[in-house]
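The values are calculated or read from the model by the stated rules, or taken from the named source; none is laboratory data. As the structure is a prediction and not an experimental result, all values here were calculated from the model. All Cβ positions, even for glycine, are placed from backbone atoms using ideal geometry, and neighbour counts span all protein chains on display.
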Amino acid sequence: MNASTEAAVFAGYASLFGARDSAGDVVMPGAFRASLSARGPRAIKLLWQHEPQAVIGVWEDIREDSIGLRVRGRLIEEVAQGREAATLIDAGALDGLSIGFRTVRARRDAATGGRRLVEIDLWEISLVTFPVLSGARVELKPPAGEQDRADVRRLVARLGDLTFDIRRGLAA
């Protein structure tokens, strides 16, 4: 993988469970489950600012965790807008994520008047300037080379004493 391709990969949260967005909606845990199971990440489009004609990449991983909808995407730098988006993310000028969906099941919250989204049909996630959910963000990337070092440190920690045992076995 070349440096340009590495710069085009990003991750973050496109939605956070239990957080109220500026429209008054709250996404509930499990809301994406059926949609993700039916489609998978490659069928969910990665768009620029919710523009259907502006596909700028592909989602490599989309999953629910205890926090929300965790995503990892790759911008296609051969597409001008994808290249521009990668540059803006790297510069820290662009970091918003936003979901495009159809509501399948929701409950009205009597206290706030907002909706509790129980099931949603997710069809796209966009890089945006101003997300409706302020916490839906691309994570800051580690400095060049830091990710490789962090990956090696995690691998060594997982292997633990196994590494020592393998070396001792080879020496015997």
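One residue alone among Gly73, Gly100 is in contact with a His (Cβ under 9 Å, 6 or more places away or on another chain) and either outside any helix (DSSP H, G or I) or surrounded by fewer than 14 Cβ atoms within 10 Å (Cβ to Cβ) (or both), and that residue is Gly100. You will find that of Arg74, Arg42, the residue that is of a type outside the set (S, T, N, Q), assigned by TED's automatic domain parsing to the domain that holds Gly135 and modelled with pLDDT under 95 is Arg42 and no other. Residues in region 51-70 that are part of a loop (DSSP other than H, G, I, E, B) and among the small types (Gly, Ala, Ser) were compared, and the one that is nearest to the chain's Cα centre (by Cα) is Ser66.
When Thr112, Thr129 are checked against the criterion of being modelled with pLDDT of 95 or more and out of contact with any His (no Cβ under 9 Å at 6 or more places or on another chain), a single residue qualifies: Thr129.
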